[in-house]
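Report on one structure; see the data block that follows.
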Amino acid sequence: MHLTMRLTMRLRAATSLDLGVATVERAVRERMRSSGAGIDYDPQPGTPEFDALVDLVVVPESWILRDPAVFATALRFVQARLLTRPGQQVRVLSLPCAGGEEPYSLAMLLARAGVGPEHCRIDAFDVSHAAIARARAGRYTRNAFRGDDQGLRARFFTEDGDDHVLGAEPRAYVAFAQANLFDVDPAVTGTYDLVFCRNLLIYFDLATQQQAAARLAALLADDGLLLAGYAEAPALCRHGFAPRTPHDTFALRKHGRGAADVRRPPARPAAQVPPAAPAAPAPPRDLLAEAKAHADAGRLAEAQETCRALLAVHADDAEAWFLLGLTAECAGRPREAEDAWRRCVYLDPEHYEALCALALLAEQRGDLALGAGLRERAARVHARRGRQHA
Ligand SMILES: C[S@@+](CC[C@H](N)C(=O)[O-])C[C@H]1O[C@@H](n2cnc3c(N)ncnc32)[C@H](O)[C@@H]1O
């Protein structure tokens, strides 16, 4: 069998990711170049060379306190659990944990709130060896603090040249291990009270998303809480989870465990405000129109900020993700653009412009097969629209 096909199959088996042949081809070219390998290049799973290849096909993007509302919910959940089950340690799972930004964020909040590691333990897994090595090193660049870190950097990190190194206190909460989600066996690990699984399902195909939901359900205690990515919660709610309350957008329970109706999609974050107070409705701001106006006038930072404000309230607004992608691309950040456009297409698989933009990006980096596939998808959407309007 052709080498790239063979490696694509091996990499899919190792990561469960919906990988295109072209992505693998690019990673193989890069590894062959940097390792100086010849035509006999054929890395086997379990070897350092294969791990290096895995690290080139995953997207290990994360940062400290990514989506602060999620961490505020997690902290409240742990504190409430300790009150209702005094003396029992709360078990948290962060999967995927990327370079440790997610589990350390919770650990820092716990430390600041006076909840010691004897009361709460965090297991953190990621399929990427390199990500786990970075997590264990606890060394970050400024980029890891791109959100509002709520003073965590000043309190828990020391500077070393351009890097920020995490101190011992938050590290004491977290145990890292390299693992694929599907190899994490609840019979071995036990179940968890709180599970973070954010920004993973968007990289899976539909069948794998369903299997992932089943695996997460097995790993979560029956009365536990799953913290999902905003865009991923709807898929999980199709497969056995439900918003904890009708107002929750990312906090999910297993269906039938006091959760809201499983078939109801998660509410939009705006509704997290307790429903009791019948305040006069604020005059609606059309944030999308504002963001477009900023973008049209070349005010990229303002356009991006407005998109983010809109997404904080309506995380499933595909158009806002599309616009966010555009602003990122114009600002010379293609990876961020790709991430935003992927979310857009995930939420609206028929988004013609996002499909075209993704195709262009793929082609620009030499991923011609992926580009062609995306263009075909876009052409099918275009043809369908034409038929509908005929
Ligand atoms: C975009 S990061 C998400 C990190 C973090 N949860 C967040 O939201 O910031 C995606 C991570 O998923 C990991 N990953 C991909 N497939 C995986 C799998 N099957 N099991 C575990 N981790 C996986 C990648 O290595 C990457 O670090």
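The values are calculated or read from the model by the stated rules, or taken from the named source; none is laboratory data. The shown structure was predicted, so the numbers you read here are calculated from the model rather than taken from an experiment. Cβ atoms come from the backbone with ideal geometry, glycine included; neighbour counts cover every protein chain shown.
Please go through region 165-208 and pick out each residue that is polar (S, T, N, Q), more than 22 Å from D67 (Cα to Cα) and either crowded, with 22+ Cβ neighbours inside 10 Å or in contact with a Ser or Thr (Cβ under 8 Å, 6 or more places away or on another chain) (or both). Q178, N180, T208 - these are the residues of region 165-208 that are polar (S, T, N, Q), more than 22 Å from D67 (Cα to Cα) and either crowded, with 22+ Cβ neighbours inside 10 Å or in contact with a Ser or Thr (Cβ under 8 Å, 6 or more places away or on another chain) (or both). Quick check on region 90-101. Is at least one of its residues near the ligand (Cβ under 9 Å from one of its atoms), crowded, with 19+ Cβ neighbours inside 10 Å and farther than 25 Å from Q150 by Cβ? No: zero hits.
Of all the listed residues (A27, A52, A22), the sole one being away from the ligand (no atom under 16 Å from the Cβ), in a helix (DSSP H, G or I) and either surrounded by 15 or more Cβ atoms within 10 Å (Cβ to Cβ) or assigned by TED's automatic domain parsing to the domain that holds E338 (or both) is A22. Please tell me if A144 is touching a strand residue (DSSP E or B) at 6+ places or on another chain (Cβ under 8 Å), within 11 Å of the ligand (Cβ to nearest atom), under 20 Å from L56 (Cα atoms) and among the hydrophobic types (A, V, I, L, M, F, W, C). Here the answer is yes, as A144 does meet what is asked.
Set side by side, the residues L82, L75 differ, and just one is in contact with a helix residue (DSSP H, G or I) (Cβ under 7 Å, 6 or more places away or on another chain) and on the phi < 0 side of the Ramachandran plot, which is L75.
Scan region 169-176 and tell me whether some residue there is on the phi > 0 side of the Ramachandran plot and in contact (Cβ under 8 Å) with a residue 60 or more places away in the chain. Looking through region 169-176, none of the residues is on the phi > 0 side of the Ramachandran plot and in contact (Cβ under 8 Å) with a residue 60 or more places away in the chain.
Only one of the listed residues (L83, L106) is within 24 Å of R244 (Cα to Cα) and either away from the ligand (no atom under 16 Å from the Cβ) or assigned to a loop (DSSP other than H, G, I, E, B) (or both). That residue is L83. Close Cβ contacts (under 8 Å, 6 or more residues apart or on different chains) running from residues in region 210-231 that are basic (K, R) to residues that are within 14 Å of the ligand (Cβ to nearest atom) and modelled with pLDDT of 95 or more comprise R215/L181; R215/F182; R215/V184.
Residue-level check: of (1) near the ligand (Cβ under 10 Å from one of its atoms); (2) surrounded by fewer than 19 Cβ atoms within 10 Å (Cβ to Cβ); (3) not hydroxyl-bearing (S, T, Y), D67 misses just (2). Do we find a residue being closer than 22 Å to A231 by Cα, modelled with pLDDT of 75 or more and not in a loop (DSSP other than H, G, I, E, B) anywhere in region 260-281? So far as region 260-281 goes, no, none of its residues is closer than 22 Å to A231 by Cα, modelled with pLDDT of 75 or more and not in a loop (DSSP other than H, G, I, E, B).
Scanning region 30-74 for residues that are without any contact (Cβ under 8 Å) to a residue 40 or more places away in the chain and closer than 30 Å to E118 by Cβ yields F71, A72. Applying the condition of being of a type in the set (A, V, I, L, M) and within 13 Å of the ligand (Cβ to nearest atom) to region 181-200 and asking which residue is farthest from the chain's Cα centre (by Cα) yields V184.
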